[in-house]
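For reference, the structure is listed below as structure tokens.
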């Protein structure tokens, strides 16, 4: 089922999947095109199911304490599953409906002898620890935000610096075509985005990156020292530059055709880069 409004009929015809127009379930979550009504699409069936369960249990001889425990053990997990997979703002009307249903079940349809807020307090303060569904939802939302923040802080630590040779000296080129330069001697590598076997830097996140390189070659009347910064096989710049990259973009250097490059233990040639900020 296509979820994006930018998914056209031609895209659907290209991939020979079994396409469904709506009501696709994944991990128990109901998905519909656009996703605008994903909260209501998923909470309304669960609330209806909870309503039927409470009506069935209401006929049983259960103590006040037992009714609170039934809410904790059977109703709360059903809602927490949605809260954990849909860490989105839930309309207040949903919590009002839940509170009304639970309150009616707790007091067996009679006039409440204690407010819901009082029931939700600790036993030592006169309550019964009745679950506060809104606090559960806020907790799951905060948890997902914390995980996202931790991920962002981790991926922001992306940097590398390398030189051409690990030892000895060598002249590279001239070649009749542009040839990838592999900077094998890694000086620093944070974030594991640079591969010293291929010379490729693969962007781990979408963001603005800074790349810098220095190229050295002995003076020659016919062969200059030259290299070009390349992204996904396309020429970007022949000098260092700030460049926005997407996740998975591959950045590397190509030696310019009919040029030569010399390196030795002095490490004249270097290739460096780091993430400025995510986007």
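The values are calculated or read from the model by the stated rules, or taken from the named source; none is laboratory data. Here the structure is a predicted model, which is why all the values come from computation and not from measurement. For neighbour counting, all protein chains shown are included, and Cβ atoms are generated from backbone atoms with ideal geometry for every residue, glycine included.
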Subject >> Candidates 118, 110 - the one that is assigned by TED's automatic domain parsing to the domain that holds residue 49, surrounded by fewer than 16 Cβ atoms within 10 Å (Cβ to Cβ), assigned to a helix (DSSP H, G or I) and modelled with pLDDT of 85 or more >> reply: 118
Original post:
residue 132: surrounded by 15 or more Cβ atoms within 10 Å (Cβ to Cβ), out of contact with any strand residue (DSSP E or B) (no Cβ under 7 Å at 6 or more places or on another chain) and either at pLDDT below 80 or in the same structural domain as residue 272 (by TED's automatic domain parsing) (or both), yes or no?
Top reply: no
Subject >> residue 99 vs. criteria out of contact with any helix residue (DSSP H, G or I) (no Cβ under 8 Å at 6 or more places or on another chain), surrounded by 16 or more Cβ atoms within 10 Å (Cβ to Cβ) and in the same structural domain as residue 133 (by TED's automatic domain parsing) >> reply: no
Subject >> Lone qualifier among 230, 179, 171, 198 - being more than 30 Å from residue 69 (Cα to Cα), modelled with pLDDT of 85 or more and either touching a strand residue (DSSP E or B) at 6+ places or on another chain (Cβ under 8 Å) or surrounded by 15 or more Cβ atoms within 10 Å (Cβ to Cβ) (or both) >> reply: 198
Original post:
Are there any pairs, at least 6 apart or on different chains, whose C-beta atoms fall under 7 Å, with the first in segment 48-74 and not assigned by TED's automatic domain parsing to the domain that holds residue 135 and the second in a helix (DSSP H, G or I), and if so, which?
Top reply: none
Subject >> Sole residue being at pLDDT 90 or above and either surrounded by 15 or more Cβ atoms within 10 Å (Cβ to Cβ) or within 27 Å of residue 29 (Cα to Cα) (or both), chosen from 105, 83 >> reply: 105
Original post:
Among the residues of segment 21-70, which ones are assigned to a loop (DSSP other than H, G, I, E, B), at negative phi and surrounded by 10 or more Cβ atoms within 10 Å (Cβ to Cβ)?
Top reply: 22, 32, 33, 37, 58, 62
Subject >> First in segment 208-220 and exposed (fewer than 13 other Cβ atoms within 10 Å of the Cβ), second anywhere and at pLDDT below 80 and outside any loop (DSSP other than H, G, I, E, B), Cβ under 6 Å, 6 or more apart >> reply: 218/262
